[in-house]
Structure formats: C-alpha cells, structure tokens
Amino acid sequence: MNDIRPLALVTGASSGIGYELARQLADRGYDLVINAEDDLRLRQAAQQIRDMGGQVETIRADLRDYTQTEALVTQLTALGRPLDVAALNAGVGQGGAFLDTDLADELEIIDLNVRSTVHLAKRIVRTMAARGGGRILVTSSIASTMPGSFQAVYNASKSFLQSFTEALQNELKDTGVTLTSLMPGPTETDFFHRADMDDTKVGQQDKDPPEEVARQGLDALFAGKSKRVAGSAKIKAQELANKFLPDKAKAEAHRKMAEPGSAQDEQAD
C-alpha cells in the first residue's frame, strides 16, 4: 500500500455484495481494508483482489462482538491513513417463524446488522467530520420498506439502518461527509442458504447478480446520492409500490415469499 491512493474499508467482504464492493473499489483506484469473520474466506477474497492488481489489508473480526469491533477500529487507525470510503456492509439474516427461531440467532442479527453498524459509524463519522470529508455506504435492503413476516427481526434491522442513515444524512449535511443507503432486493449470494430459507419462494427465485448491485451502489455513493434501490427494474417497481401499499398488505405479500415451504406451495399451484 502507499499513501497516494485513497483508502476504503469494506465489512462483510469475503463474499457476495461485500466482495464485489471491495473488488470494484480496487478497480476504481482504492487501496482496501477488508473485514469478515471467516478468516479463510477473507484471505481468499483478499488474494483474488490482489491477483487483479488491488492492494489489500485484511482485518478478521467478528463484528457481533463489541471488543472485536473496537479492535477493527484500532487496527484501522494504526495504519495512519485517512479513510476516504467506508462500506458498512456486514449483515446476516434468519428465516422462519418467530415462534420457532432461536433467540440467539435473532440477537445475532441485531448485534451484527444494527449494533456493529452504529458502533463503526460512531467511530468513522467523527474522524471523517473532523477531516471535512468522507463517504459512507450502508447496506440496507428493499426489506426495510415492508414488515418481514417470517423474517421479522431481519427486516426490522434493515428498517433501523434505513432510518439511521437518513437521520445522519441530515445531521451531517454541512460536514462534507455523505452517506448513501444501498437497498438491494434478493441477490445471488449465500444469504438465503445461511438463513435457512432454501425452501422458500424467495430462496428459490431468480436473483440479481451481486456485481450489478455493487456497481449501482458505488455509482450512487460517488454521485452523492442519498439512496439507491439496486438490482432489476422489478425491485425498483416493488420499492415504489411499497410507498403506497398498507403495511398489512405488505406483510401478507412477504409471508407468501418467505414462509417455510412456500417454494413447494408455488410448485403445487
């Protein structure tokens, strides 16, 4: 790494949208610090980016844990370089009925999606504001626009991130720091498999490619946009419709997509 190129942080960068954000930031001339909890996959992602000419440092940390999140900030600061871009992307989901899911799984969603994002934003925003500039991309979701039947805590976590980002956009409007919310729909990653949603309609349907979602998100970030609904025209239409549909109707629509067994129910129809 050298001090001439700008520096970017990407969390949850070992696969999926996070990996694509990191790879495309490298293509745009950024040195990278990438983070994930899985050390092997993190190192593999870093090597793939290096093989394409990118400069990458890795920081393995489980952001569900306060101490490890704080350690990431300490190691980032120790590099002695200003952070120009932060993509706060790490997140996890869990499908299933709230009556049946484990409390530990639901609390992990809150710890990773909500708590760690607030934690990192607190540390990063202050430093950027003191410098008078910086860009932050927060990975929200189209899920933030609807009650998430059978993904109740996940959708609520994304609604929190959406509101949080929009509030900071207003607070920081005169600081030189910009925040952009990235709102993808279902994306071709391992998210639905890890969330035990392989047997759902949304788990089985065609999904948007992560490279396209990441590209749209970064385009919006560098254009200073407040948000980007990323993916296909269908996702953009869904976000628009959700502005007008009543919450009960959205909750019922989400149920049809996310209820366990809904993939088989659709095949039966």
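Summary table below
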{"read-out": "Cα-based Kirkwood hydrodynamic radius, segment 200-269, one decimal, Å", "value": "14.0"}
{"read-out": "Amide H within-cut-off set for LEU137, under 5 Å, with H built and near neighbours excluded", "value": "ALA86, ALA87, LEU88, THR180"}
{"read-out": "Relative contact order (%) - segment 133-269, alpha-carbon pairs under 8 angstrom, separation at least six", "value": "33"}
{"read-out": "Accessible solvent surface per residue of the chain, calculated while the other protein chains remain in place, 1.4 angstrom probe, Å²", "value": "47"}
{"read-out": "Distance violations [Cα-Cα > 23 Å] among LYS158/LYS248; LYS207/LYS236; LYS122/LYS207; LYS207/LYS227; LYS173/LYS227", "value": "LYS122/LYS207"}
{"read-out": "Pairwise label distance in nanometres, GLU212 with LYS122, each label 7 Å out on the Cα-Cβ vector", "value": "3.9"}
{"read-out": "Inter-site label distance for ILE110 and ASN242 at 7 Å from Cα along Cβ, in nm", "value": "2.2"}
{"read-out": "Fraction of alpha-carbon pairs over 13 Å apart in segment 42-107 - percent", "value": "76"}
{"read-out": "Relative contact order (%) - criterion: Cα under 8 Å, at least six apart; region: the chain", "value": "19"}
{"read-out": "Karplus (6.51, -1.76, 1.60) ³J(HN,Hα), θ = phi - 60°, over segment 6-19, in Hz, Gly and Pro reported as x", "value": "x, 10, 10, 10, 10, 9, x, 9, 7, 6, x, 4, x, 4"}
{"read-out": "Carbon/sulfur fraction of accessible area - the chain, other protein chains in place, 1.4 Å, %", "value": "50"}
{"read-out": "Max mean-square fluctuation residue, GNM over the chain, Cα-Cα springs under 10 Å, options TYR154, TYR66, TYR19", "value": "TYR66"}
{"read-out": "Stretchable slack from GLU188 to GLU57, in nm (0.36 nm times residue separation minus alpha-carbon distance)", "value": "44.6 nm"}
{"read-out": "For the chain, calculated [θ]222 nm from helices alone, where every DSSP H run of n ≥ 4 adds -39500 (n - 2.57)", "value": "-14500 deg cm²/dmol"}
{"read-out": "Average Cα contact separation per residue, segment 127-205, under 8 Å, 6 or more apart, as relative contact order %", "value": "38"}
{"read-out": "Solvent exposure, largest accessible area first (probe 1.4 Å, DNA, RNA and ligands not counted), of SER232, SER141", "value": "SER232, SER141"}
{"read-out": "P(r) of segment 106-147 over all Cα-Cα pairs, binned every 5 Å from zero, in whole percent", "value": "5, 18, 22, 22, 15, 11, 5, 1"}
{"read-out": "In sequence order, calculated HN-Hα J values of segment 137-147 (Karplus, 6.51, -1.76, 1.60; Hz; x Gly/Pro)", "value": "10, 10, 7, 8, 5, 4, 4, 5, 9, 8, x"}
{"read-out": "For q = 0.10, 0.14, 0.16 Å⁻¹, Debye-computed log10 I/I(0) when each Cα of segment 78-206 counts as one equal scatterer", "value": "-0.36, -0.65, -0.80"}
{"read-out": "Amide proton proximity set for LYS227, modelled H, under 5 Å, gap of 5+", "value": "SER181"}
{"read-out": "Amide H contacts of GLN94 (H built 1.01 Å from N, under 5 Å, at least 5 apart or other chain)", "value": "TYR154"}
{"read-out": "Sites THR67 and GLU171 - FRET efficiency at Förster radius 45 Å, r taken between beta-carbons, to 0.05", "value": "0.95"}
{"read-out": "Distribution of pairwise C-alpha distances over the chain, 10 Å bins, in %", "value": "7, 30, 37, 19, 6, 1"}
{"read-out": "Counting all C-alpha pairs of segment 120-269, share separated by more than 29 Å (%)", "value": "22"}
{"read-out": "From phi via Karplus (6.51, -1.76, 1.60), per-residue ³J(HN,Hα) for segment 228-238 in Hz, x at Gly/Pro", "value": "9, 7, 9, x, 6, 4, 4, 5, 5, 5, 5"}
{"read-out": "Segment 92-127: trypsin sites (Lys or Arg not before Pro) in DSSP loop, at most 12 other beta carbons within 10 Å", "value": "none"}
{"read-out": "Using alpha carbons only: equivalent-ellipsoid semi-axes of segment 1-64, gyration tensor based, whole Å", "value": "18, 12, 10"}
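The values are calculated or read from the model by the stated rules, or taken from the named source; none is laboratory data. In this text the structure is predicted, and so the values were computed from the model without any measurement. A quick note on method: Cβ atoms are made from the backbone with ideal geometry, for glycine too, and the neighbour counts reach across all protein chains shown. With ligands, DNA and RNA removed, areas are computed over all heavy atoms of the protein, side chains included. Shrake-Rupley method; radii C 1.70, N 1.55, O 1.52, S 1.80 Å.
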